[in-house]
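Heads up: the structure comes next, in structure tokens.
The values are calculated or read from the model by the stated rules, or taken from the named source; none is laboratory data. No experiment lies behind these values; they were computed from the predicted model shown. All Cβ positions, glycine included, derive from the backbone under ideal geometry; neighbour counts span all protein chains shown.
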Amino acid sequence: TQTVSQSDAHVTVFEGDSVELRCNYSYGGSIYLSWYIQHHGHGLQFLLKYYSGNPVVQGVNGFEAEFSKSDSSFHLRKASVHWSDSAVYFCAVSANTGYQNFYFGKGTSLTVIP
Amino acid sequence: DPKIIQKPKYLVAVTGSEKILICEQYLGHNAMYWYRQSAKKPLEFMFSYSYQKLMDNQTASSRFQPQSSKKNHLDLQITALKPDDSATYFCASSQDGQSQNTLYFGAGTRLSVL
């Protein structure tokens, strides 16, 4: 069974700051890791994903995430946030079993102060 | 235009009643899913369908029954409603049921059971 842990429930930064949202996972096999964003009152939208290759993956709107097998982590980063980045961010893991079943973390609420 | 349509957006029901949540996707996808999100629990996987066949059911209660009349439809019937069923229910889809596919979400149906 996969588990996903997002240690920070809330993160608050100022516009223009950099931010890192943390995600740790637990699974012994091959997995896909993803980040999704949810703006208030909306469904989740895909940001980026990793399976293999370059551990740093680029997503939309300047987001990137770095996979670390040794730390079992897939942290999301942005160099300079905008107020419109305020949303809840979900990390997700899906086992590479050929059959899809995403498990989501509890989410991190990011507030960007203009 | 939204590619995954969920109806209704808001739903109020009385305890013990039955409701059907509608989901239609126009992405040409072959796999569809239901997730539930509430204040008490993080985003929770409920069902997955691939080519109109049930792939996985993580919902303990038989009061929740998915219904797939067409490949691009996956409705959710909930019987004998309880206050604990109050949540936002998200429909999602992906190209097929493979692990590497990206999930696309609808805007959700917010259900309140009184």
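Taking region B:92-102 as the search range and keeping residues that are within 12 Å of B:N30 (Cα to Cα) and at pLDDT below 90, which one is surrounded by the most Cβ atoms within 10 Å (Cβ to Cβ)? Checked region B:92-102; the qualifying residue surrounded by the most Cβ atoms within 10 Å (Cβ to Cβ) is B:G97. Restricting region A:14-32 to residues that are buried (at least 18 other Cβ atoms within 10 Å of the Cβ) and within 11 Å of another protein chain (Cβ to nearest Cβ), the residue that is modelled with the highest pLDDT is A:Y32. Put simply, of B:L54, B:L74 the only residue that is among the hydrophobic types (A, V, I, L, M, F, W, C), surrounded by 15 or more Cβ atoms within 10 Å (Cβ to Cβ) and touching a strand residue (DSSP E or B) at 6+ places or on another chain (Cβ under 9 Å) is B:L74.
Taken over region B:69-90, the residue count meeting the criterion of being in a strand (DSSP E or B) and over 17 Å from B:E24 (Cα atoms) is 2. The requirement of being among the hydroxyl-bearing types (S, T, Y), over 18 Å from B:L111 (Cβ atoms), out of contact with any Cys (no Cβ under 9 Å at 6 or more places or on another chain) and surrounded by fewer than 19 Cβ atoms within 10 Å (Cβ to Cβ) is not satisfied by B:Y10.
For every residue, the table says whether it meets (1) under 27 Å from A:L47 (Cα atoms); (2) of a type in the set (G, A, S).
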{"site": "B:Q6", "(1), (2)": "yes, no"}
{"site": "B:I20", "(1), (2)": "no, no"}
{"site": "B:S50", "(1), (2)": "yes, yes"}
{"site": "B:I78", "(1), (2)": "no, no"}
{"site": "B:C91", "(1), (2)": "yes, no"}
{"site": "B:V113", "(1), (2)": "no, no"}
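Among the residues of region B:53-68, write down those that are assigned to a loop (DSSP other than H, G, I, E, B) and more than 14 Å from the chain's Cα centre (by Cα). Residues satisfying the conditions are B:A60, B:S61, B:S62.
What's the total number of residues in region A:79-105 that are touching a residue at least 12 places away in the same chain (Cβ under 8 Å) and either closer than 16 Å to B:F105 by Cβ or under 11 Å from the mean Cα position of the chain (by Cα) (or both)? Residues that pass the stated criteria total 12. Among the residues of region B:34-45, at least one is over 18 Å from A:I37 (Cα atoms), assigned to a loop (DSSP other than H, G, I, E, B) and not aliphatic (A, V, I, L, M). The condition (being at negative phi and without any contact (Cβ under 8 Å) to a residue 24 or more places away in the chain) is satisfied by just one residue among B:S50, B:S17, B:S62: B:S62.
Looking at B:A107, is it within 14 Å of chain A (Cβ to nearest Cβ) and either among the hydrophobic types (A, V, I, L, M, F, W, C) or out of contact with any strand residue (DSSP E or B) (no Cβ under 8 Å at 6 or more places or on another chain) (or both)? Yes, satisfied. As a summary of the residue check, B:S93 satisfies the conditions (1) assigned to a loop (DSSP other than H, G, I, E, B); (2) touching a His at 6+ places or on another chain (Cβ under 7 Å); (3) more than 10 Å from chain A (Cβ to nearest Cβ) except for the one numbered (1). Go through region A:14-36 and give me each residue that's small (G, A, S) and within 17 Å of A:G105 (Cα to Cα). Those that are small (G, A, S) and within 17 Å of A:G105 (Cα to Cα): A:S26, A:S34.
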